[in-house]
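Heads up, the thing below is written out as structure tokens.
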Amino acid sequence: MKPLDMTPVGKPVLGIDPGFRYTGLVVRDGDAVLYAETLVRPKEQDDPVVWARTVAAQAQLLLFSQCPANTKVGIEGVSASKGFKNGKREPIDPAPLVFTGVVLGAVAGAFPEAVIVAPGGNGSQHITNYPPSLVGQRPADLPGSTNSAGTRNHEQSAYDVAGKAAVVAYPRVVVPLSGLGG
């Protein structure tokens, strides 16, 4: 594995990891993190539409006030719950899936050109695959906030989402070599 290069490459992506209680927002440019935040739904907020509109508004505010003009957007999709917990079959609580799906819909509606990234594996790499700014205690000079969330894993997931979305949003241009036997 090659080491991370923290030099921005001019291809920024706002990665969004929508969630039931926590939503991660990361602006990634190459391997560099330009901004990271975890939005936290208040426990008393039990309306998924209000939470979804809050997330969409915060993402729009971030994109239009603090991001380079060419910033693309990537959003993690949602998959159906499997009905298992700790390897045992368990009844499914629909609330997390409903909230996450409504957040995904609101954010996708706010950013119709966004790349939807398949769920699964985002935010679960070894910590050495993440920039130091997304591991452990939050650096004081990193724009954004964890909003008292006890974990950085939603930011790590948003980082992975942004990386996968960048591959689609900024496709490599392959220029044919001229003069090769032709």
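Among the protein heavy atoms of the chain, carbon and sulfur supply 57% of the accessible surface, probe 1.4 Å, non-protein parts ignored.
Segment 67-126 has equivalent-ellipsoid semi-axes of 28, 15, 8 Å, by the square roots of 5 times the alpha carbon gyration tensor eigenvalues, sorted largest first. Less than 5 angstrom separates the built amide H of Gly74 from those of Leu14, Gly15, Ile16, Val115, all sequence-distant by 5 or more or on a different chain. Over every Cα atom in segment 1-150, the radius of gyration and the widest Cα-Cα span, Dmax, amount to 15.9, 47 Å.
Given R0 = 30 Å, the distance between the Cβ atoms of Ser65 and Ile127 translates into a calculated FRET efficiency of 0.50. Using only the Cα atoms of segment 38-81, build the gyration tensor, take square roots of its eigenvalues as a ≥ b ≥ c, and label the shape rounded, prolate or oblate: rounded if a/c is under 1.5, else prolate if a/b is larger than b/c, else oblate. Judged from the Cα gyration tensor, segment 38-81 comes out oblate (a/c at least 1.5, b/c at or above a/b). Annotation for Lys2 and Phe84: the two label points, set 7 Å from Cα along the Cα-Cβ direction, are 3.7 nm apart.
Around the Cα centre of the chain, unit charges on the Cβ atoms of Lys, Arg, Asp and Glu (plus for the first two, minus for the last two) sum to a dipole of about 360 debye.
In the context of the full set of protein chains, residues of segment 1-135 present 54 Å² of accessible surface per residue (probe radius 1.4 Å, heavy atoms only). So what's the gap between the Cα centers of segment 136-170 and segment 10-87, to the nearest angstrom? Cα centroid of segment 136-170 versus Cα centroid of segment 10-87: 9 Å apart.
The values are calculated or read from the model by the stated rules, or taken from the named source; none is laboratory data. Fair warning: this is a prediction, and the values are worked out from it, not measured in the lab. Note that we place each Cβ from the backbone using ideal geometry, even for glycine, and neighbour counts take in every protein chain shown. Heads up: the accessible areas ignore ligands, DNA and RNA and are worked out on the full protein's heavy atoms, side chains in. Shrake-Rupley method; radii C 1.70, N 1.55, O 1.52, S 1.80 Å.
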